[in-house]
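Asks: Structure incoming, see below.
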Amino acid sequence: MADLKTMTDEELKEEVHRLACSVSYYNAAEGNWSAETEARNAVKKEFWEAQAELESRGIKFENRGYLI
């Protein structure tokens, strides 16, 4: 993942939405739940870090129907 602090607001918003899509995929159990535990946990961690950076900038996260 790129350095969140150096991203523009627009880049950060796109990164948060990209990560939210990945979290949503894993939460929907589209794949093999147990085999994907490590990947699922990693993307959730990245998502929460990116969302925290978004909030620190005073930008609200727009949930576009993600399963998070």
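Asks: Suppose the filter is open to solvent by 50 Å² or more (accessible area, probe 1.4 Å), aliphatic (A, V, I, L, M), on the phi > 0 side of the Ramachandran plot and out of contact with any Leu (no Cβ under 9 Å at 6 or more places or on another chain); does Ala29 pass it?
Replies: Judged against the criteria, Ala29 is a match.
Asks: Show the residue pairs that are 6+ apart or on different chains and have beta-carbon atoms under 6 Å apart, the first residue being within the range 17-42 and among the hydrophobic types (A, V, I, L, M, F, W, C), the second being modelled with pLDDT of 85 or more and assigned to a helix (DSSP H, G or I).
Replies: Leu19/Glu46; Leu19/Phe47; Leu19/Ala50; Val23/Val43; Val23/Lys44; Val23/Phe47
Asks: I've got another one for you. Residue by residue through the range 50-67, note down the ones that are open to solvent by less than 80 Å² (accessible area, probe 1.4 Å) and touching a helix residue (DSSP H, G or I) at 6+ places or on another chain (Cβ under 7 Å).
Replies: Once the filter is applied, which keeps residues that are open to solvent by less than 80 Å² (accessible area, probe 1.4 Å) and touching a helix residue (DSSP H, G or I) at 6+ places or on another chain (Cβ under 7 Å), the range 50-67 yields Ala50, Gln51, Glu53, Leu54, Arg57, Ile59, Phe61, Tyr66.
Asks: I need the full set of residues from the range 1-40 which are assigned to a loop (DSSP other than H, G, I, E, B), more than 20 Å from Gly65 (Cβ to Cβ) and either of a type in the set (A, V, I, L, M, F, W, C) or touching a Phe, Trp or Tyr at 6+ places or on another chain (Cβ under 9 Å) (or both), in order please.
Replies: Met1, Ala2, Met7, Trp33, Ala35, Glu36
Asks: Select, from Lys44, Lys60, the only residue that is basic (Lys, Arg) and part of a helix (DSSP H, G or I).
Replies: Lys44
The values are calculated or read from the model by the stated rules, or taken from the named source; none is laboratory data. Because the structure is a prediction, the values reported are computed rather than measured. So basically every Cβ, Gly included, is an ideal-geometry build from the backbone, and we count neighbours across all protein chains shown. In case anyone asks, the SASA skips ligands and DNA or RNA and just uses the protein heavy atoms, side chains included. Shrake-Rupley method; radii C 1.70, N 1.55, O 1.52, S 1.80 Å.
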